[in-house]
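The values are calculated or read from the model by the stated rules, or taken from the named source; none is laboratory data. Computed from a predicted structure; not experimentally measured. Positions of Cβ are backbone-derived with ideal geometry, glycine not excepted, and every protein chain shown enters the neighbour counts. All accessible areas refer to the heavy atoms of the entire protein, side chains included, with ligands and DNA or RNA removed. Shrake-Rupley method; radii C 1.70, N 1.55, O 1.52, S 1.80 Å.
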Amino acid sequence: MATEFEEAVRRNPHLKEYLDECRAETGTIPGFYTNLSKDLADASVPSIIYPVGDPIFIHIKGDKNTREIRYIAIEPQLSEDEYEKYNRITDSILTKAGDEFAPQDEEQLKTLIIKLLNKSVEVEGQPVTTTLLDKLLMEKLVSLNQEEYDKISYYLYRDIVGLGPLEPLIRDPYLEDIHSIGVESIYIVHKIFAMIGTNLTFKTQEYLSNFLHTTGDRIGRPVSDARPIIDGTLPDGTRINAIYSTDISRKGSSFTMRKFMEIPASIPQLIRWGSIDADLAAYLWLLLENQMSIFFSGETASGKTTMLNAALPFIDRKSKMYTVENTAEVAPPQPVWQQLITREDGPVESQVDTFTLLKVALRSRPNYIIVGEIRGEEGAVAFQAMQTGHAVLATFHASSIKKLIQRLTGEPINIPVTFVDNLNTVLILQAIYRKGSYLRRCTAVDEIEGYLEEAGGVITRGVFSWDFTRDVHRFRGKNNSFILDRIAVKLGYDDKRMIYDELALRSKILNRMVEENITDYYKVRDIIWAYQAKGISGIPFEV
């Protein structure tokens, strides 16, 4: 075993027990990884363990017969006797909590739980911390050994502060989505292994119902049979959509969680993953630096918001940013950023929708307006903003430029077809299964030239396409881009072809970041802003 693995086993007896079971079953133990890479998906029968924070470990376990992959969360397990002690301690803590000041945040809640736990138990080998009042009240303390104390501490944190049986999934940085249908079925979308089933369960409908009640209260969206749908954001930014009703969800209450990335993916990461190539990224860089309006369009879970966030460092650091969203997902790195979230609950007169916030944006004079997603009449205000000189970025649900235009000009958005050319460029993103792997790719980039009545509609020009067979991007717009030519004129180039030389230089810079393994979002941002401020002399490597 590697030293880190040995240390993890020493700290966590339940991990040793699990490894012993694996050895007895297969004759081997899983490999231990502290960081996962994409090439692990190439293994036909993977068997790897990785930590997500003591005492939780994850085992990705392949079956050599069925080729099915399972996601197994390795946690301490409570015996019947330990579970009975856990319930007694929980009752004691709830009784004592009434005499305490209400915690104001998660840290205070964790501190209070530990304080009340220590007042409810006596641990072998440790001094008893009971007060005289406790003794006068004749409270019988629960006796624990150190291992039991550690287990019960974890479960108290997990079930009161955390998200119960979902705690391993919330901690796992390699997850994108969590899907639960009824009591038994919890599935996840893994960044490397795609959709796989888990060993986690809510066990009873009562437990699942209590979980949804607690979660709804936590985010200010109480749920009931009369109001069965939750749509909101957890404190860590994870987005949840839940249906609390067996009348509506026939297999039982269900929910989907979309994990929030605390640090966004960077453009070099997306290049490394193959989502885009350096030429396409350099094209985005030129457009965003020069205040062009761009829609990131595609189906659900195609990577629209990930691509949008990754591209935001291309915008000048001095720009004033204004974001409007239903749930907070966009995070511009620019220091001047006004973040607004819609309010859909409460009396009608207190609700604030995207349409209203976008109208406010026009009075705030931002350089860039970012809309989390355009669905309805707010689209007209977004195009009005483009007409008045604001760059607008947005995510949108459409799988092609043709369908995007159809949605924009139809109900309920109703943009006049002659206004569509206020939008400059559209990226089409898709989630694709290719050769057994789950990929996210920018499959097309189209520029909007304008409405031409003689042609019967809006004229578009494809500048990038994706070759499915070879999994490569092709720059079809080299020396032939409508938008880049406009930027060349704006920048005062004597020869429009000079803009393509600039694109090539920026493409080299981005490729060098990939080669130098510079993928941290903030390091990438700093290099891009240094180039904008000082030119090639601001780059910390040779190009």
Just name the residue that is nearest to Asp177 (Cα to Cα) out of those in the range 74-85 that are out of contact with any strand residue (DSSP E or B) (no Cβ under 6 Å at 6 or more places or on another chain) and either surrounded by fewer than 19 Cβ atoms within 10 Å (Cβ to Cβ) or aliphatic (A, V, I, L, M) (or both).
-> Gln77
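Would you please name the residue that is nearest to Ala8 (Cα to Cα), looking only at residues in the range 86-99 that are of a type in the set (A, V, I, L, M, F, W, C) and open to solvent by less than 60 Å² (accessible area, probe 1.4 Å)? Step through it out loud before you land on a result.
Our first condition is that a residue be of a type in the set (A, V, I, L, M, F, W, C); within the range 86-99, this holds for 89, 93-94, 97.
Next cut, open to solvent by less than 60 Å² (accessible area, probe 1.4 Å) only: 89, 93, 97.
Working: Ile89: 28, Ile93: 30, Ala97: 34 Å.
The qualifying residue nearest to Ala8 (Cα to Cα) is Ile89.
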Among the residues of the range 361-390, write down those that are in contact with a helix residue (DSSP H, G or I) (Cβ under 8 Å, 6 or more places away or on another chain) and among the hydrophobic types (A, V, I, L, M, F, W, C).
-> Ala361, Leu362, Ile369, Ile370, Val371, Ile374, Val381, Ala382, Phe383, Ala385, Met386
Residue list for the range 462-472, restricted to those being more than 25 Å from the chain's Cα centre (by Cα) and surrounded by fewer than 22 Cβ atoms within 10 Å (Cβ to Cβ) = Gly462, Ser465, Asp467, Phe468, Thr469, Arg470, Val472
Given the residues Ser275, Ser319, which is the only one that is farther than 27 Å from Ala533 by Cβ and in contact (Cβ under 8 Å) with a residue 40 or more places away in the chain?
-> Ser275
Taking the condition touching a strand residue (DSSP E or B) at 6+ places or on another chain (Cβ under 9 Å), crowded, with 22+ Cβ neighbours inside 10 Å and hydrophobic (A, V, I, L, M, F, W, C), does Leu362 pass?
-> no
Does the range 297-307 contain at least one residue that is in a strand (DSSP E or B) and under 21 Å from the mean Cα position of the chain (by Cα)?
-> yes
All positions within the range 497-543 that are of a type in the set (Asp, Glu), at pLDDT 95 or above and farther than 21 Å from Leu312 by Cβ | Asp501, Glu515, Glu516
If we scan the range 145-163, do we find a residue that is in a loop (DSSP other than H, G, I, E, B), without any contact (Cβ under 8 Å) to a residue 24 or more places away in the chain, open to solvent by 40 Å² or more (accessible area, probe 1.4 Å) and over 30 Å from Ile69 (Cα atoms)?
-> yes
Tell me, which residue of the range 100-121 that is charged (D, E, K, R) and open to solvent by less than 70 Å² (accessible area, probe 1.4 Å) is nearest to Gly162 (Cα to Cα)?
-> Lys110
Residues in the range 488-524 that are open to solvent by less than 80 Å² (accessible area, probe 1.4 Å) and touching a Phe, Trp or Tyr at 6+ places or on another chain (Cβ under 9 Å): how many?
-> 11
Looking at this structure, is Pro264 in contact (Cβ under 8 Å) with a residue 12 or more places away in the chain and outside any loop (DSSP other than H, G, I, E, B)?
-> no
Expected single match for open to solvent by 70 Å² or more (accessible area, probe 1.4 Å), farther than 20 Å from Leu163 by Cβ, aliphatic (A, V, I, L, M) and under 23 Å from the mean Cα position of the chain (by Cα) among Ile267, Ile263, Ile229 is Ile263
Might you check whether a residue that is open to solvent by 30 Å² or more (accessible area, probe 1.4 Å), outside any strand (DSSP E or B) and modelled with pLDDT of 90 or more occurs anywhere in the range 420-430?
-> yes
Residue check for Asp54: among the acidic types (Asp, Glu), in contact (Cβ under 8 Å) with a residue 24 or more places away in the chain and farther than 26 Å from Leu270 by Cα = yes
Pairs with Cβ under 9 Å, 6+ apart, first in the range 473-498 and in contact (Cβ under 8 Å) with a residue 40 or more places away in the chain, second open to solvent by 90 Å² or more (accessible area, probe 1.4 Å) | Leu484/Lys496
Pairs with Cβ under 7 Å, 6+ apart, first in the range 228-239 and under 15 Å from Arg343 (Cβ atoms), second open to solvent by 40 Å² or more (accessible area, probe 1.4 Å) = Asp231/Asn241; Gly232/Arg221; Thr233/Arg239
Check whether at least one residue in the range 451-461 is within 23 Å of Lys304 (Cα to Cα) and open to solvent by less than 20 Å² (accessible area, probe 1.4 Å), and report yes or no.
-> no
Any idea how many residues of the range 234-257 are aromatic (Phe, Trp, Tyr) and in a loop (DSSP other than H, G, I, E, B)?
-> 1
Could you tell me which residue of the range 217-226 is farthest from Ile160 (Cα to Cα), considering only residues that are part of a loop (DSSP other than H, G, I, E, B) and not β-branched (Val, Ile, Thr)?
-> Ala226
Given the structure, is Ile230 modelled with pLDDT of 90 or more, within 18 Å of Asp177 (Cβ to Cβ) and either in contact with a strand residue (DSSP E or B) (Cβ under 8 Å, 6 or more places away or on another chain) or assigned to a loop (DSSP other than H, G, I, E, B) (or both)?
-> no
Pair list, Cβ under 8 Å, 6 or more apart: the range 335-347 residue closer than 19 Å to Ile315 by Cα, other residue open to solvent by 70 Å² or more (accessible area, probe 1.4 Å) and at pLDDT 95 or above | Pro335/Arg317; Val336/Lys318
